[in-house]
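Novice: This is the structure I have questions about; it appears just below.
Computed from the coordinates by the stated procedures, all read-outs in this text should not be read as laboratory data. Everything quoted here is computed from the prediction, not taken from an experiment. Cβ coordinates were reconstructed from backbone atoms using ideal geometry, including for glycine residues, and neighbour counts include every protein chain displayed.
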Amino acid sequence: MKPPEDCGTLEEVREEIDRIDRTIVALIGERAGYVHAAARFKPTEESVAAPDRQKSMYQARREWAEAEDLDPDVIEKLYRDLVAYFIEREREHWKTLP
């Protein structure tokens, strides 16, 4: 890992961005495992979406974005897209549970 200020070429910057993105994708994959686990605790298919949880989660992500000097609207949109994807996956998984 090389700090941004120590990168001497555009190629080094891109290598670090790729490294970070690979880690982000791996963490999203890890998150998927927990989404599947959550399905076991939800009594109905309708409860999969958990709108109250979504609301509090988006607010927390907005606060985290602000703490990192990122645009909270962009981060919330990213999470809304991610959560929509995972809700569909969780619904499908929920239907397969005994």
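Novice: Take the Cα atoms of the range 4-96, find their three principal axes, and give me the spread along each one in whole Å, biggest first.
Specialist: Largest first, the range 4-96 extends 54, 27, 16 Å along its Cα principal axes.
Novice: Next up: Post the alpha-carbon centroid distance, the range 15-45 to the range 47-80, in whole angstrom.
Specialist: 16 Å
Novice: Give the residue list of GluC sites (Glu not before Pro) in the chain that are DSSP loop and have at most 11 other beta-carbon atoms within 10 angstrom. Before the final figure, lay out each step's value.
Specialist: On the way: sites: Glu5, Glu11, Glu12, Glu15, Glu16, Glu30, Glu45, Glu46, Glu63, Glu66, Glu68, Glu76, Glu88, Glu90, Glu92; in loops: Glu45, Glu68.
Listed in order of number, the matching sites are Glu68.
Novice: Treating the beta-carbon of each Lys and Arg as +1 and of each Asp and Glu as -1, no other charges, what is the dipole magnitude of the chain about its Cα centre, to the nearest 20 debye? Please report the intermediate quantities before stating the final value.
Specialist: Values: 16 positive and 23 negative charges, 165 e Å.
That gives a dipole near 800 debye.
Novice: For the chain, what are the DSSP H helices with axial Cα length of 27 Å or more and mean Kyte-Doolittle hydropathy of at least -0.5?
Specialist: Numbers: long enough: 10-39 (43 Å, -0.04); 72-96 (35 Å, -0.87).
Qualifying helices: 10-39.
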